[in-house]
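Everything below concerns the one structure shown next.
The values are calculated or read from the model by the stated rules, or taken from the named source; none is laboratory data. Note that the structure is predicted; figures quoted are calculated from it, not measured. Every residue, glycine among them, receives a Cβ derived from its backbone with ideal geometry; neighbour counts consider all protein chains shown. In case anyone asks, the SASA skips ligands and DNA or RNA and just uses the protein heavy atoms, side chains included. Shrake-Rupley method; radii C 1.70, N 1.55, O 1.52, S 1.80 Å.
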Amino acid sequence: DKTAELVLKAKEVLSFEAIVQTGLSGASVAFPVSYITGIPVVSVRKNSDYNHGYQIEGYGNFESYAILDDMIDSGDTINRVINTLNGFSKPKCTGLIFWNANVTTDQIKFRLNLAKIDLPFYTLSEA
C-alpha cells in the first residue's frame, strides 16, 4: 500500500511513535496503515462527536506523533488535533502526512502558510 510506504518513509525523518487521525475518512486509512506498519493509531474526535466514547482513543503512552489526513483546507482540523492532545498529555506533533494523491505540494504549502502551521509534511502526490 502506497500510504503505508509513505508513512514509513516519513517516520524515518519525523521520528514519531503514533499516527493520529480524526474523522471517518481518517479512520478508514489510518487503521489499515497501522496494521501494515505496526505503528499505533490514536483517534481524536470533535467535541460533538464523542457521545459513545472518549475524545481521544487509542494508544495512550506516546510522546510524539504525526497527523495522517487526506488534505488541508483551513488548517482547523490540524490545529484542533494538536490543541486537543496538548490539553491531555502534551505529546509533540513532529509532522503531517497527507494521503490524498490529488493534493499537490504547492497547495499544501500554501494552505499551511495561510493557517500559520509550521510543520514538515509528506504527501502521497510527491511519493
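Pairs linking a residue in the range 4-25 that is of a type in the set (D, E, K, R) to a residue that is open to solvent by less than 80 Å² (accessible area, probe 1.4 Å), with Cβ atoms under 6 Å and 6 or more positions apart or on different chains, are Glu17/Phe62; Glu17/Ser64. In summary, Val33 fulfils each of the numbered conditions (1) farther than 22 Å from Asp106 by Cα; (2) aliphatic (A, V, I, L, M); (3) touching a Lys or Arg at 6+ places or on another chain (Cβ under 8 Å) with the single exception of condition (3). Select from the range 77-114 the residues that are in contact with a Pro (Cβ under 7 Å, 6 or more places away or on another chain) and at pLDDT below 90 and list them in ascending order. The answer is Leu85, and nothing else. Looking across the range 77-119, the residues that are of a type in the set (S, T, N, Q), surrounded by 13 or more Cβ atoms within 10 Å (Cβ to Cβ) and either closer than 27 Å to Gly58 by Cα or within 11 Å of the chain's Cα centre (by Cα) (or both) come down to Thr77, Asn79, Thr84, Thr94, Asn100. Kindly evaluate Tyr65 against the criterion of being hydroxyl-bearing (Ser, Thr, Tyr), modelled with pLDDT of 85 or more and open to solvent by less than 20 Å² (accessible area, probe 1.4 Å). Yes, satisfied.
In the range 48-61, is there at least one residue being among the small types (Gly, Ala, Ser), within 17 Å of Leu96 (Cβ to Cβ) and either modelled with pLDDT under 90 or surrounded by 14 or more Cβ atoms within 10 Å (Cβ to Cβ) (or both)? Checked against the condition, which is being among the small types (Gly, Ala, Ser), within 17 Å of Leu96 (Cβ to Cβ) and either modelled with pLDDT under 90 or surrounded by 14 or more Cβ atoms within 10 Å (Cβ to Cβ) (or both), the range 48-61 yields no hits at all. The residues in the range 30-46 that are part of a helix (DSSP H, G or I) and surrounded by fewer than 22 Cβ atoms within 10 Å (Cβ to Cβ) can be counted, and the count is 6.
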